[in-house]
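Engineer: Before I ask anything, here is the structure I am working with.
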């Protein structure tokens, strides 16, 4: 982890943080900032129990030998003779611009009712339909991005992260310090996403992927690394979570004016956070080429006129 605090005279300050997923995930890096803010504002030697990190690595049980599988698959992916310890460096695409959008609580409810009405019109689903805030937001973003970018593939993939702490057997403490997330995939036909019922199609795909979590959050993990070698292009992906409550870090001068995830400049993912005004909506940040951003913005707002 590296930190940088930049002071802007008579304006405020900015805290920059960089971490690596080999050490922590987003939940823990956010918890670190909250703990820091708590001590700064209220004093004391340590944060409250819900912010106190749990360091015991022995609670993680690797009964299937994933550590050896991952090492061997990584060596096969990068080459067995590679001696480089350099971290992969992703470049920022030239001409990319950043945008921030919001799905208000009212907009989310509109989307929820639309999806539920489509469900009633269609035949019975084989799996439970998830119309949570997270599922609806990801589905809507998936559809808008596919329409804005017009990929040539017949089938689209969507990647979302799952916190494994409560899903492991046995579960581990929610404050476990480390990287304890797993990426999961949702699949949908491109034409379905581009169609009139695109959001409902995306929610159905997300729901099916979430349903597979009942088989275990690490089910199929032995093939995750080798899967990277078969991927021709990046999937659409979500980073962050409204549950992190990034706007709740108060160092004693009030809530942050703006929180941004700068890594999406390079990864191509979009980032989710709670609405900064505390209204129950979702703030979404993404980075696209100029024309794609213009198309996305138009599609995003037009799609909410339902």
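The values are calculated or read from the model by the stated rules, or taken from the named source; none is laboratory data. Fair warning: this is a prediction, and the values are worked out from it, not measured in the lab. With ideal geometry, Cβ positions are generated from the backbone for all residues, glycine too; neighbour counts draw on all protein chains shown.
Engineer: Any residue in region 7-22 that's under 18 Å from residue 264 (Cα atoms): show its pairings with residues that are surrounded by 10 or more Cβ atoms within 10 Å (Cβ to Cβ) and at pLDDT 90 or above at Cβ separation under 6 Å, as long as the two are six or more apart or on different chains.
Structural biologist: If the second residue must be surrounded by 10 or more Cβ atoms within 10 Å (Cβ to Cβ) and at pLDDT 90 or above, the pairs left are 17/3; 19/29; 21/179.
Engineer: Still on this structure: What's the total number of residues in region 141-162 that are in a strand (DSSP E or B) and within 17 Å of residue 270 (Cα to Cα)?
Structural biologist: We begin by selecting, within region 141-162, every residue in a strand (DSSP E or B); these are 155-162.
Next, from what is left, pick out any that are within 17 Å of residue 270 (Cα to Cα): 156-162.
Going through region 141-162 one residue at a time, the tally reaches 7.
Engineer: Could you please find all residues in region 18-29 being in contact with a strand residue (DSSP E or B) (Cβ under 9 Å, 6 or more places away or on another chain) and either assigned to a helix (DSSP H, G or I) or surrounded by 15 or more Cβ atoms within 10 Å (Cβ to Cβ) (or both)?
Structural biologist: 19, 25, 26, 27, 28, 29
Engineer: Continuing with this model, one more query. Which is exposed (fewer than 11 other Cβ atoms within 10 Å of the Cβ), on the phi > 0 side of the Ramachandran plot and more than 21 Å from the chain's Cα centre (by Cα), of 12, 43?
Structural biologist: Result of the check over 12, 43: 43.
Engineer: Please verify whether residue 59 is under 26 Å from residue 263 (Cα atoms), surrounded by 10 or more Cβ atoms within 10 Å (Cβ to Cβ) and at pLDDT 90 or above, treating the condition exactly as stated.
Structural biologist: no
Engineer: Among the numbered conditions (1) farther than 19 Å from residue 188 by Cβ; (2) modelled with pLDDT under 90; (3) within 24 Å of the chain's Cα centre (by Cα), tell me where residue 85 comes up short.
Structural biologist: Going through (1) farther than 19 Å from residue 188 by Cβ; (2) modelled with pLDDT under 90; (3) within 24 Å of the chain's Cα centre (by Cα) one by one, residue 85 breaks only (3).
Engineer: When you go through 305, 294 one by one, which is the residue that is loosely packed, with under 15 Cβ neighbours inside 10 Å and either in contact with a strand residue (DSSP E or B) (Cβ under 6 Å, 6 or more places away or on another chain) or modelled with pLDDT under 95 (or both)?
Structural biologist: Exactly one of 305, 294 is loosely packed, with under 15 Cβ neighbours inside 10 Å and either in contact with a strand residue (DSSP E or B) (Cβ under 6 Å, 6 or more places away or on another chain) or modelled with pLDDT under 95 (or both), namely 305.
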